[in-house]
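Novice: For reference, the structure I am asking about is given below.
None of the figures in this text is laboratory data; all of them are computed from the coordinates on show. Quick caveat: nothing in here was measured; it's all calculated off a predicted structure. Cβ placement follows ideal geometry from the backbone for every residue including glycine, while neighbour counts extend to all protein chains displayed.
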Amino acid sequence: MVNMWEGILAQNNFYFKKMVKKYITPTSISFLWSLILILISLLYPGYTRYYLYLSIIVIIPTAIISLIKQRRQDKLNGTTTFQASIYRMLIIAFVLLAFFIITKQNYM
Amino acid sequence: MKKTRNSDFSLNQINPKLFMFGLIAVMTLIIFYSCSTGDESINKSGKAETKTKSEKNKTIGNAEIGLDNSVQENLNSYSEQIFVGVESLEIALNKNIDVDFNAQAMQMLETAEDEYDLKIVFEMAGIANSQEVINILKSIVAKQQAFITQNSSFYSLTPEKQAELLNASIEFARITYNSPVLFPPLEQVSGSSCARTFNNSRGDCIEDFAVCAAGAIYAAGGGIWPGLVVAAGCMAMKYFCDKRAKRDYKECVIMPMGTVPPPTGELTIHCTAFAIEEDSCWTTDSNGKYVGRYTGPK
């Protein structure tokens, strides 16, 4: 009886992990984050900065840990994921520069 | 062997942690620099604008010799106030979906004798906020009257000279009003608080974007799509933030224009040269501000 329950729980755990992997991706998290950011900036503009600071506190250590892991993996497997990440970051920096120029509203 | 290693210098030889932190620091600097250069460019343009304005002032000053400096300042201030008034009028009229002055409305407008008639005509033409529009028009007239009473030396000039000075001041006001950085001249018009608040709001928007951009860059480490999505979020946030700052500024500037200030001190009666009807006379307070139409004996 105990073994049967253990089996069911293990099976549920397996499906849960599969579902998490399927839906909770970096893109979906970013999308949700951006959605919340836009909603806060529209509904409660005063709290936007706090939300951003809180996000930065979470994002920076996560990104650093992730990059360190990538670097280690690269050394072990001879891949170039770290380099690719750096290039992506550079590309986004340029994209952001473009976005900043686009949103400049120098007129009344 | 050593020589070969030196010539094949690559990223792998650098301490990976040091390299990564260096890159992150450089990228953060790029973002902050990009934002600060944007700000600087605004400031630079502001400086350039100020320079243009001061040069313009000089030109105006040179154009009229013998005219009191305060009159010149009043003329510039007056032109700016008219620009602000026209802008507020446009905003008030834009609140109505369909404004149409047909033949009948035009005829009624020509025969309108008092504020009540004017209100009826405006409402007939589809202006629901007729009182607001009338108040703005009154405020513009008040400013005109204030200028007329306070600058008698201007009217002693020849019409050509007056036109020349007016054109120069209108051009000056146009540059000031359409300028991306309007703060110093508009402070004279609407009080410094509006411009200061607008400056602070825009500064906050840029700072928020900088913080958000740093987040987007770090998010890009996890993939191009997360980075792009966060960057798009940052863009939307900055757009709304700038828009809000502009809206607040406009509301702040227009607010004092909407109503006629309460009268202070002794009232003075003014009448036009061809004062046939009662409507041709009006009163101003001790500050030269328009109070209302004069209906008593002339």
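Novice: For residue B:153 and residue B:131 in one chain, what is 0.36 nm times their gap in residues minus the Cα-Cα distance, to one decimal in nm? Don't skip to the answer; put the middle values down first.
Specialist: Details: separation 22, 0.36 × 22 = 7.92 nm, distance 3.47 nm.
Here the segment from residue B:153 to residue B:131 would lengthen by 4.4 nm.
Novice: While we're here: Limiting things to C-alpha atoms, what are the Rg and the maximum Cα-Cα separation (Dmax) for chain A, in angstroms?
Specialist: 20.4, 74
Novice: Would you calculate the volume per residue, in Å³, of the smallest convex hull containing every Cα atom of segment A:60-108? Provide the component values of the computation, followed by the final result.
Specialist: Values: hull volume 2.8 nm³, N = 49.
So the per-residue hull volume is 57 Å³.
Novice: Given labels modelled 7 Å from the Cα in the Cβ direction, how far is it in nm from residue A:24 to residue B:251?
Specialist: Placing both labels 7 Å along Cα→Cβ, they lie 4.0 nm apart.
Novice: If we count other beta carbons within 10 Å of each Cβ, what is the order of A:89, A:19, fewest first?
Specialist: Working: A:89 23, A:19 10.
Listing A:89, A:19 from fewest to most nearby Cβ atoms yields A:19, A:89.
Novice: For residue B:163 and residue B:111 in one chain, what is 0.36 nm times their gap in residues minus the Cα-Cα distance, to one decimal in nm?
Specialist: Numbers: separation 52, 0.36 × 52 = 18.72 nm, distance 3.04 nm.
Here the answer is 15.7 nm.
Novice: Which ordering of B:205, B:252, B:212 is given by a fewest-first count of other beta-carbon atoms within 10 Å?
Specialist: On the way: B:205 24, B:252 16, B:212 30.
Fewest-to-most ranking of B:205, B:252, B:212: B:252, B:205, B:212.
Novice: What residue among A:84, A:63, A:98 has the largest mean-square fluctuation in a Gaussian network model of chain A, using Cα springs under 10 Å?
Specialist: Most flexible of the set in this elastic network: A:98.
Novice: Which distance in nm do the two modelled labels at residue B:69 and residue A:15 give, with both placed 7 Å along the Cα-to-Cβ direction?
Specialist: Going by the 7 Å Cα→Cβ label model, 8.5 nm.
Novice: Related question: From the mean inverse distance of alpha carbon pairs (Kirkwood) and the Cα radius of gyration, derive Rg over Rh for segment A:1-43.
Specialist: Details: Rg = 17.4 Å, Rh = 12.8 Å.
Here the Rg-to-Rh quotient is 1.37.
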